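Novice: Quick one: the structure is below, and I'll ask about it shortly.
The values are calculated or read from the model by the stated rules, or taken from the named source; none is laboratory data. None of the values given here were measured: they were computed from a predicted structure. We place every Cβ from the backbone using ideal geometry, glycine too, and count neighbours over all the protein chains shown. Quick note on the areas: whole protein, heavy atoms, side chains included, nothing else; ligands and nucleic acids left out. Shrake-Rupley method; radii C 1.70, N 1.55, O 1.52, S 1.80 Å.
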Amino acid sequence: MTRSLSPAAATIHDPYAMRRAGRELLSLALIDARNRTLRWLSAFKGADVDAARAEFEPPLWLVGHVAWFQECAIARNLRRAQGGAGAATLASIEPRADAWFDPTLSNREQRWRDTDVADAHLRDYLAATLDATLELLERAPEDDNGLQLFRLALAHEDGVAETLAAMAQAVGLRSEAARDLWPIWPSRVRREPLWFGAQHVELGTPRGGFVPDNERWAHDEPVPEFEIDAQPVQWAQFVEFVDDGGYDEPRWWSQAGWAWLERTQRRAPRYVEQMGPAVLAQRAGQLQRVAATQAVAHVGWHEADAWCRWASRRLPTEPEWEIAASTGVSRGFVWGDVHEWMAGRATRWSDDAAQLAPTWSTVSSAGGAPRTLRVSRGGSVMTVPRLKHPKARTFSGPEHDAAFVGFRSCAP
């Protein structure tokens, strides 16, 4: 299935416009998202993905779940016009869809073993669910309630695209179809850190439009003056940490971080095979020389925290990062190359989100996150552009390094 987009579709990449998108823009964006999903489906066809079993869902399941989620949220949901996130009350157009793709009916091990849907059958299901969604969208009330679940389904599918990219990186996917899905990683001239005076920031997102559950709701936060890096930490800087024995010195690591290091025997960020004047890393299915001026990627929170301790710096707080991302771009603040770890633990700002069942929460949701989760901000080169919003938050475990995640630092 291939659908063409009109020239006006450039707006579908605007993260601000898409959170308040009406029917026309949502229709274009949903088509764009599904085309991307189909490209990933083609990229994984015939690939050996067994190495990803411990961390990821099967690629066929991830792709099929996108269609199932959309169908449950919209076509099978009689409360869709009210934005109600209740259980699907109508039957699926595919009799086996729930057995295949409902995450409450199986665990990951079972899904790897039992997801036996054929490629052609899955493509038919993807096409049929999108057609039903677009038809219902044409008649949906053009207000926040009427469009809520369409926006939610779009965010979910866009998030799954980055999960598929992380999985492709983890298994070293080198298929011909995957080649065009990999971006060119930007290199940046190093800039001096930026200083921001004491101020207040509206942390979180106010009501109106589409608001992911872990951004609810806007509230005032006082922020003392701070200095923050203009760019994420680059490979040239991280090499110095490694050369100085950073992975061998307990003093740079938290207790939990050192325990993780001893357990994993890690001596460099994930996918790196050589650290030194030349950094060699597995990327897009092949060993590449990584530019020293590119952002460090695929590091866990423990590694980011250890580098900051070694450099006599610290990770930024969420309010600091959001101020810089929202007001510092004209002064040279660059973000969006990698997701960025924040200081502190993941917390919700409202109890409202707890009312959403896990299968209805957004991709960035932690669904009642334990206190051990950490927050990353921004987006990466693999993030669908319309998700790159300065208020977007992602919750992950501190050891999570499969994502395209790095960090920057602040003065202590």
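Novice: Quick one: what pairs do we get from region 157-176, first residue among the polar types (S, T, N, Q), second part of a helix (DSSP H, G or I), C-beta under 6 Å, 6+ apart or different chains?
Specialist: Ser175/Ala43
Novice: Quick check on Trp185: is it open to solvent by 40 Å² or more (accessible area, probe 1.4 Å), within 27 Å of Glu303 (Cα to Cα) and of a type outside the set (Lys, Arg)? Give the steps one after another, and end with the answer.
Specialist: On the way: open to solvent by 40 Å² or more (accessible area, probe 1.4 Å): no; within 27 Å of Glu303 (Cα to Cα): yes; of a type outside the set (Lys, Arg): yes.
For Trp185, the condition - open to solvent by 40 Å² or more (accessible area, probe 1.4 Å), within 27 Å of Glu303 (Cα to Cα) and of a type outside the set (Lys, Arg) - is not met.
Novice: With the requirement that a residue be without any contact (Cβ under 8 Å) to a residue 12 or more places away in the chain and among the polar types (S, T, N, Q), what does region 270-319 give you?
Specialist: Across region 270-319, the qualifying residues are Gln274, Gln288.
Novice: Residues that are of a type in the set (A, V, I, L, M, F, W, C) and open to solvent by 20 Å² or more (accessible area, probe 1.4 Å): find the helices (runs of 4 or more DSSP H) completely inside region 24-115 holding 2 or more of those. Before you say what the answer is, go through the steps one by one.
Specialist: Working: elements: 59-70, 97-101, 108-114.
So the answer is 97-101.
Novice: Among what's in region 358-396 and is of a type in the set (Val, Ile, Thr) and more than 21 Å from His65 (Cβ to Cβ), pick the residue that is modelled with the lowest pLDDT.
Specialist: Going through region 358-396, the residues of a type in the set (Val, Ile, Thr) turn out to be 359, 362-363, 372, 375, 381, 383-384, 394.
Filter once more, so that each one left must be more than 21 Å from His65 (Cβ to Cβ): 372, 375, 381.
Details: Thr372: 84, Val375: 97, Val381: 97.
This residue is Thr372.
Novice: Within region 254-269, identify whether any single residue is buried (at least 16 other Cβ atoms within 10 Å of the Cβ), more than 22 Å from the chain's Cα centre (by Cα) and either among the β-branched types (Val, Ile, Thr) or under 16 Å from Ala325 (Cα atoms) (or both), and answer yes or no.
Specialist: No, region 254-269 has no match at all.
Novice: Give the residue, chosen from Leu105, Leu78, that is among the hydrophobic types (A, V, I, L, M, F, W, C), more than 20 Å from Arg34 (Cβ to Cβ) and touching an Asp or Glu at 6+ places or on another chain (Cβ under 8 Å). Step through it out loud before you land on a result.
Specialist: On the way: Leu78 fails: touching an Asp or Glu at 6+ places or on another chain (Cβ under 8 Å).
Only one candidate passes the filter, namely Leu105.
Novice: Right, something else. Give region 147-179 a look and list any residue that's surrounded by fewer than 20 Cβ atoms within 10 Å (Cβ to Cβ), in a helix (DSSP H, G or I) and at pLDDT below 95, or say none.
Specialist: Glu176, Ala177, Arg179
Residue by residue, here is whether (1) open to solvent by less than 10 Å² (accessible area, probe 1.4 Å); (2) modelled with pLDDT of 95 or more; (3) over 19 Å from His200 (Cα atoms); (4) among the hydrophobic types (A, V, I, L, M, F, W, C) holds:
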| site | (1), (2), (3), (4) |
| --- | --- |
| Ala291 | no, yes, yes, yes |
| His298 | no, yes, yes, no |
| Arg309 | no, yes, yes, no |
| Ile323 | yes, yes, no, yes |
| Ser326 | no, yes, no, no |
| Glu340 | yes, yes, yes, no |
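Novice: Same structure again: Of the numbered conditions (1) without any contact (Cβ under 8 Å) to a residue 40 or more places away in the chain; (2) out of contact with any strand residue (DSSP E or B) (no Cβ under 9 Å at 6 or more places or on another chain); (3) among the hydrophobic types (A, V, I, L, M, F, W, C), Leu261 satisfies every one except a single condition; which is it?
Specialist: (1)
Novice: Please determine, by comparing only the residues of region 275-287 that are at pLDDT 95 or above and open to solvent by 40 Å² or more (accessible area, probe 1.4 Å), which one is farthest from Tyr247 (Cα to Cα).
Specialist: Restricting to residues being at pLDDT 95 or above and open to solvent by 40 Å² or more (accessible area, probe 1.4 Å), the top hit is Leu287.
Novice: Here is a further query. Can you tell me which residue is most open to solvent (accessible area, probe 1.4 Å) among those in region 199-225 that are farther than 16 Å from Trp321 by Cβ and acidic (Asp, Glu)?
Specialist: Asp220
Novice: State whether the residues of region 133-141 include one that is out of contact with any Leu (no Cβ under 9 Å at 6 or more places or on another chain), within 19 Å of Leu30 (Cα to Cα) and not in a helix (DSSP H, G or I).
Specialist: Residues of region 133-141 that are out of contact with any Leu (no Cβ under 9 Å at 6 or more places or on another chain), as a first pass: 135-136, 138-139.
With the extra rule that they be within 19 Å of Leu30 (Cα to Cα), the set shrinks to 135-136, 138-139.
Going one step further and asking which of them are not in a helix (DSSP H, G or I), we end up with 139.
Among the residues of region 133-141, at least one is out of contact with any Leu (no Cβ under 9 Å at 6 or more places or on another chain), within 19 Å of Leu30 (Cα to Cα) and not in a helix (DSSP H, G or I), which makes the answer yes.
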